[in-house]
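A.B. asks: Sharing a structure with you now.
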Amino acid sequence: MKHILITISLFRHFLLIQALVAFLAIWVTSCGDQEEDSETTGSTIDNPITTYSLCTNSDATCNKNWEPSLKTSCVATENISPSITGYTNYLKNNHVKDGTRIFEPAILFIDETLTIMVKDSSGLKSKSISKLTNISSGFLEVYPVSSNPELYDDGTNGDLEANDGIFTRSCLSLSSSSWNQSKNTDQAFDIFFINKSYRNTEKVFELYPGLSINDTGFFISLGDEYTNNIKFNSGQLTSPSTSRAMAAVWAARGDIFDIFVFTPRHAGGGAGMWRLHDFIQGLNHNPSCSDYSYCYNYIDSQEHPELIAGTWIGWPSIQSLTHELEHAMFGINTKDFPESGNRGKFLLTREWTVDGMHIEADSTVNTYLKGPLWDPARGYPYAVKLKVGTRKVETHIVKNQDGTFRLKERSTDDYKLSDIFLYILGVITAEEANETYYKLINYSLNDCISENNYLLCTNDLINYDEVITFTTADFIKKFGGYSNPRSSSFDPANFKLGILNISDRKHTEAEITLKSIVYRSYATGTGPKVKFGDQVLDDSGNIWSYTTHFKSKVIVDFRKIK
């Protein structure tokens, strides 16, 4: 019996030792590579190459955790966002106009609350939301009592300071009647709402203070610099010479990115692209400095010859991202094509671009850089629409089988790139690009009525003075053949897109959820549009891979350093 007890005791010690070994193994792993949730990807995350200091002791918001209160338990004086003081002070600035508003947060689950701040110099103590903003009465509520809440400038209800001209109300939430139960996400008045069933579905992992990552990109806490600049000076946040977001990501992952995308957690508005290096030959790029550079200085004092462009998407969703990526990859710097003459003259130019950036709709090429067909009498911004049954549809020009040119509804597929742009992108050869294109000179239309904002036509026939025919072979004859001197590092079929989600404080769970689902769909979906679960986001534009006929895709997952 004694022998048996000794054996059992030794066996218990053996089990304890095994458990200790297992614990140490897990602890060592957690101190090294961090394990991703297996339900998401089942892969590991590499530690940062080095770190970059994003936060200082004096910064009120950098790397601060905060989640909005639930609508059923919100108290105006509790759980105040660390951003509120900074936004209130920002709105007090003289250059900020009356009516300027800020939502905190602007992305939230439908059972969460937000604070609205609006600048107004009326001197009143309170005003309803519908009078201070364009937000309709009944859209937001203060649960459970008010369907058209007042905003206050009296130091109550979330207002920080009385009589400072900043009207504020906290504990606002989406009213039940405003939510479409069939949707996973929806937005109105620049506020984005997510079905609460998506809570606890997305994660990020901190690489170091202020910088987190998941399979869709980076989440960066810039602190008070974001608070002070996001509305009117976003260039401070995105310029290569001052962007701490770029410096942080380069420190963590190295100079591996082809294009950066900056995207805020607010509806900052607008979209844009700035060229940094143009090394592809045969596209008439003419960078003004050595090493194919446009002479930028970089915050980390490195050259970064691999970086083609930066882009700004001023909305939480992708909006015009594909359009901006086409700018980055194509230009358009190909002037005097298909012929030279009448540069910049609407209707008369023999070039395929008037502004040197976009393709005129009087040609039959397909690209997101081609705008609407404009009213020949009034020009921009009066687009031509065609009446098809009871619908009024956007149009583009096609050549009919009988040789005439006709207005046709511009469908989703009509944004897929023509062969000439797939060649410019570098994903098909000159021999594969065999389409023929046409440009009409001085077109006119028939049976049309001028409306306030557009020209409505019932006849699809297009008249013109002259037609110019061109091909990819003509492009090559004009500008030379395509070549990629950095083919060892840049692959146009798989280009590396650094998604930089920027904020002052840490992103909330709802902000992470919306952006992760949207950018994952953009990078890995089959399109044509971005999806949020099974919901198609109609305002998102076509995804990149769909637009390029699946000959090119974007890489946004940098958890591993390859």
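No lab work stands behind these numbers, since they all come straight from the coordinates. Everything numeric in this text was worked out from a predicted model, so none of it was measured. Positions of Cβ are generated from backbone atoms using ideal geometry, with glycine treated the same way; all protein chains shown enter the neighbour counts.
A.B. asks: Using +1 on the beta carbon of Lys and Arg, -1 on that of Asp and Glu, and nothing else charged, what's the dipole of the stretch 460-562 about the Cα centre, debye to 20?
C.D. replies: On the way: 15 positive and 12 negative charges, 179 e Å.
With Lys and Arg at +1 and Asp and Glu at -1, about 860 debye.
A.B. asks: With respect to the cross-link table entries Lys71/Lys131; Lys64/Lys560; Lys335/Lys529; Lys183/Lys529; Lys477/Lys553, which display a Cα-Cα separation exceeding 20 Å?
C.D. replies: Details: Lys71/Lys131 23 Å; Lys64/Lys560 26 Å; Lys335/Lys529 32 Å; Lys183/Lys529 16 Å; Lys477/Lys553 29 Å.
Beyond 20 Å between Cα atoms: Lys71/Lys131; Lys64/Lys560; Lys335/Lys529; Lys477/Lys553.
A.B. asks: Given a Förster distance of 30 Å, report the FRET efficiency between Gln281 and Lys562 from their Cβ-Cβ distance, rounded to the nearest 0.05.
C.D. replies: On the way: r = 26 Å, r/R0 = 0.88.
The value I calculate is 0.70.
A.B. asks: Return Asp557, Asp59 ranked ascending by Cβ neighbour count within 10 Å, so the fewest neighbours appear first. Let's see the in-between values first.
C.D. replies: Values: Asp557 18, Asp59 21.
Result, fewest neighbours first: Asp557, Asp59.
A.B. asks: Something else about it: Considering the convex hull of the alpha carbon atoms of the stretch 250-316, report its projected area averaged over all viewing directions, in nm², one decimal. Please report the intermediate quantities before stating the final value.
C.D. replies: Working: hull surface 22.2 nm².
Average of the hull's projected areas for the stretch 250-316 equals 5.6 nm².
A.B. asks: Below 12 angstrom from the Cβ of Leu537, what's the summed charge of the other residues (Lys, Arg +1; Asp, Glu -1)? List each step's numbers first, then the result.
C.D. replies: Values: positive: Lys183, Lys529, Lys531; negative: Asp186, Asp534, Asp538, Asp539.
So the environment of Leu537 carries a net charge of -1.
A.B. asks: In whole Å, largest first, what are the principal axis extents of the Cα atoms in the stretch 444-562?
C.D. replies: That gives 57, 43, 29 Å along the principal axes, largest extent first.
A.B. asks: Report the extension gain between Asp414 and Phe189 in nm, rounded to one decimal, defined as 0.36 nm multiplied by the number of residues separating them, less their alpha carbon distance. Numbers along the way, then the final one.
C.D. replies: Numbers: separation 225, 0.36 × 225 = 81.00 nm, distance 3.00 nm.
Length gained, Asp414 through Phe189: 78.0 nm.
A.B. asks: Placing +1 at every Lys and Arg Cβ and -1 at every Asp and Glu Cβ, with all other atoms neutral, what dipole size does the stretch 84-196 have around its Cα centre, in debye to the nearest 20? It would help to have the intermediate numbers written out before the result.
C.D. replies: Numbers: 10 positive and 14 negative charges, 47 e Å.
The calculation lands at about 220 debye.
A.B. asks: For the stretch 270-345, state which chymotrypsin sites (Phe, Trp or Tyr not before Pro) are in a DSSP loop and have at most 16 other beta carbons lying within 10 Å of their beta carbon.
C.D. replies: Numbers: sites: Trp274, Phe279, Tyr292, Tyr294, Tyr296, Tyr298, Trp312, Phe330; in loops: Phe279, Tyr292, Tyr294, Tyr296, Tyr298.
Loop-located and lightly packed - Tyr294.
A.B. asks: Related question: Using C-alpha positions alone, give me the convex hull volume of the stretch 330-403 per residue in cubic angstrom.
C.D. replies: Working: hull volume 8.7 nm³, N = 74.
Normalising the Cα hull of the stretch 330-403 by residue number yields 118 Å³.
A.B. asks: While we're on this one: In bins 20 Å wide, starting from 0, what share of all Cα pairs of the chain does each bin hold, as a percent?
C.D. replies: Going out from 0 Å in 20 Å bins, the chain shows 18, 45, 30, 5, 1, 0 percent.
A.B. asks: Just grab the label-to-label distance for Arg343 and Asp164, each label 7 Å out from Cα along the Cβ direction, in nm (one decimal).
C.D. replies: With each label placed 7 Å out from Cα toward Cβ, I get 5.3 nm.
A.B. asks: Okay, next question. Within 11 Å, Cβ to Cβ, of Ala328, how many net charges do the neighbouring residues add up to if Lys/Arg are +1 and Asp/Glu are -1?
C.D. replies: Values: positive: Arg275; negative: Asp258, Asp278, Glu324, Glu326.
Summing Lys and Arg as +1 and Asp and Glu as -1 gives -3.
A.B. asks: I need the calculated FRET efficiency for the pair Glu150 and Thr56, taking r as the beta carbon distance and R₀ as 41 Å, to the nearest 0.05. Don't skip to the answer; put the middle values down first.
C.D. replies: Details: r = 38 Å, r/R0 = 0.92.
Computed FRET efficiency for Glu150 and Thr56 comes out at 0.65.
A.B. asks: Ranking request for peptides 127-137, 517-527: highest mean number of other beta-carbon atoms within 10 Å first, then the rest in descending order. Don't jump to the answer; show the numbers that get you there.
C.D. replies: Details: 127-137: 17.3, 517-527: 20.6.
For the peptides 127-137, 517-527, the packing ranking is 517-527, 127-137.
A.B. asks: State whether the stretch 414-456 is rounded, prolate or oblate according to the following rule on the C-alpha gyration tensor (a ≥ b ≥ c being the square roots of its eigenvalues): a/c under 1.5 gives rounded; otherwise a/b larger than b/c gives prolate, and the remaining case gives oblate.
C.D. replies: It comes out prolate by the Cα gyration axes.
A.B. asks: Using 0.36 nm times the number of residues separating Ala430 and Asn494, minus their current alpha carbon distance, what extension gain do you get?
C.D. replies: Details: separation 64, 0.36 × 64 = 23.04 nm, distance 1.98 nm.
Difference between extended and current length: 21.1 nm.
A.B. asks: Moving on. Quick one: which of 322-328, 152-158 comes out on top by average Cβ neighbours within 10 Å, and what's the full order, highest first?
C.D. replies: Ranked from most to least packed, the peptides come out as 322-328, 152-158.
A.B. asks: So for each of 355-366, 462-473 I average, over its residues, the number of other beta carbons within 10 Å; can you give me the resulting order with the highest mean first?
C.D. replies: Numbers: 355-366: 19.5, 462-473: 16.2.
Ranked from most to least packed, the peptides come out as 355-366, 462-473.
A.B. asks: Compute the projected area of the convex hull of the Cα atoms of the stretch 84-196, averaged over all viewing directions, and report it in nm² to one decimal place.
C.D. replies: Values: hull surface 26.0 nm².
The orientation-averaged projected area of the Cα hull of the stretch 84-196 comes to 6.5 nm².
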